[in-house]
Amino acid sequence: MQGPQTVPILTAPTAAGKSALALEAALACGAEIVSADAFTVYRGLDIGTAKPGAQDLARVPHHLIDVADVTGTFDVARFVTLAEAAIRDVLARGRTPLVVGGTGFYLQGLMQGLPLTPPSDPHVRAQVEADLASRGLDALLADIAATDPAEAARMERNPRRVVRAVEVHRRTGRYPGSFGRSEPAFRYAPLAFTRPPAELEARMHARVLEMFARGWAPEAAWLAAQVDPDALPRPTVWQALGYREALAVARGTLGAEDAAAQVTLATRQYARRQLTFVRTQLRAPVLSAGEVDAALREALGR
């Protein structure tokens, strides 16, 4: 690990308000934000990812926003490489980096190092993607649980992780968790917070409605014109929460209100998995929204 500097991390479930909180804290403390979100990295996915707007980006420097095309791929290894480079740059300029995001595997990659698993094999991966499409996520998870229940639990029902785990196991007879991890480049101090369930769900629903009002459906239609949502292997960008429902609205096969209800339900389920990951894998204290602001400013040195 490099130097005595400890880098603060702020994470929270989707729609809890971590971006707004981080923005105000960074502005007050002279920090720069390093985004740890799996989908705000993509150019063009602005509305459905709740990407910071031009005004917020002008107020506080953000890193790892709009660094990939939707037609390409972006994974945890690339994230860690770019995030560590951004952190080094911020520190070299005498500023404080603040990592902000809700993608647990990205945060785990920073804090605990990258899995030392073999590179992906596109042919085997395509076979597993086909199995996922035909047999479903639960069947693949059952396959993993039959040989390693702990590995199945570690997947947190994340389709990308399940496909990767099955691919690696078919090639090596081992799951990714058995390969160990690289040494992290920095020390990190994670802070997490959440809101009461009813309040959090209300915020989720309000945000989803706002996204549709701002044009989420046309954005999803644009994405479908760039990347086939039904292609195999499953395109990374189409794993972003809610984009398939937004596309259905654009195509007239689903009403906006029904789509918003479905996305809110999926978001609530995802938020539960996020909190479980924070507690069990990142081992971060989960504070209330009222407690986290003071703790964050203290971590930033103010």
Can you name the condition, by its number, that E199 falls short on among (1) at pLDDT 95 or above; (2) surrounded by 15 or more Cβ atoms within 10 Å (Cβ to Cβ); (3) more than 21 Å from the chain's Cα centre (by Cα)?
(2)
Across segment 72-81, which residue is nearest to G301 (Cα to Cα) among those that are surrounded by fewer than 18 Cβ atoms within 10 Å (Cβ to Cβ) and at pLDDT 95 or above?
T81
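Table: residues versus (1) over 29 Å from Q112 (Cβ atoms); (2) touching a residue at least 12 places away in the same chain (Cβ under 8 Å); (3) among the aromatic types (F, W, Y); (4) not in a helix (DSSP H, G or I).
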site: P229; (1), (2), (3), (4): yes, yes, no, yes
site: L265; (1), (2), (3), (4): yes, no, no, no
site: Q269; (1), (2), (3), (4): no, no, no, no
site: E298; (1), (2), (3), (4): no, no, no, no
Quick test for you: out of E129, E151, pick the one residue that is outside the structural domain of A38 (by TED's automatic domain parsing), more than 30 Å from A31 (Cβ to Cβ), in contact with a Lys or Arg (Cβ under 6 Å, 6 or more places away or on another chain) and not small (G, A, S).
E129
Condition check: closer than 20 Å to R174 by Cα, free of Cβ contacts under 8 Å to residues at least 40 places away in the same chain and surrounded by 12 or more Cβ atoms within 10 Å (Cβ to Cβ). Does D131 satisfy that?
yes
Only one of (1) in a helix (DSSP H, G or I); (2) in contact with a Leu (Cβ under 8 Å, 6 or more places away or on another chain); (3) farther than 24 Å from G136 by Cβ does not apply to M211, and that is (2)
Kindly indicate the residue of segment 82-108 that is in a helix (DSSP H, G or I) and within 16 Å of the chain's Cα centre (by Cα) and also farthest from L275 (Cα to Cα) among those meeting that condition.
L82
Just to be sure, is G109 in contact with a Ser or Thr (Cβ under 8 Å, 6 or more places away or on another chain) and either assigned by TED's automatic domain parsing to the domain that holds P13 or surrounded by 14 or more Cβ atoms within 10 Å (Cβ to Cβ) (or both)?
no
Looking at T194, T147, which one is within 19 Å of A15 (Cβ to Cβ) and polar (S, T, N, Q)?
T194
Of all residues in segment 26-52, how many are in contact with a Leu (Cβ under 6 Å, 6 or more places away or on another chain) and modelled with pLDDT under 95?
1
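Looking only at residues that are surrounded by 15 or more Cβ atoms within 10 Å (Cβ to Cβ) and not aliphatic (A, V, I, L, M) in segment 223-238, which one is modelled with the lowest pLDDT?
Residues of segment 223-238 surrounded by 15 or more Cβ atoms within 10 Å (Cβ to Cβ): 223-224, 227, 233-238.
The next check asks that each one be not aliphatic (A, V, I, L, M); those that pass are 233-236, 238.
Working: P233: 73, R234: 79, P235: 89, T236: 90, W238: 95.
It comes out as P233.
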Return yes when L191 is touching a residue at least 24 places away in the same chain (Cβ under 8 Å) and part of a helix (DSSP H, G or I) and no when it is not.
no
Is it the case, given these coordinates, that R244 is surrounded by 18 or more Cβ atoms within 10 Å (Cβ to Cβ), part of a loop (DSSP other than H, G, I, E, B) and among the basic types (K, R)?
no
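Can you find even one residue in segment 172-179 that is under 27 Å from L82 (Cα atoms) and small (G, A, S)?
Yes, because at least one residue in segment 172-179 is under 27 Å from L82 (Cα atoms) and small (G, A, S).
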Any residue in segment 127-146 that is part of a loop (DSSP other than H, G, I, E, B) and among the aliphatic types (A, V, I, L, M)?
no
Step by step: first the residues of segment 1-47, then only those that are among the hydroxyl-bearing types (S, T, Y) and part of a strand (DSSP E or B), then the one that is surrounded by the most Cβ atoms within 10 Å (Cβ to Cβ). Which residue is that?
T11
Looking only at segment 254-297, count every residue that is surrounded by 17 or more Cβ atoms within 10 Å (Cβ to Cβ) and polar (S, T, N, Q) and tell me the total.
3
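The values are calculated or read from the model by the stated rules, or taken from the named source; none is laboratory data. Note that the coordinates shown come from a computational prediction; the quantities given were computed from them, not determined experimentally. Note: ideal-geometry Cβ built from the backbone for every residue, glycine included; neighbour counts use all protein chains shown.
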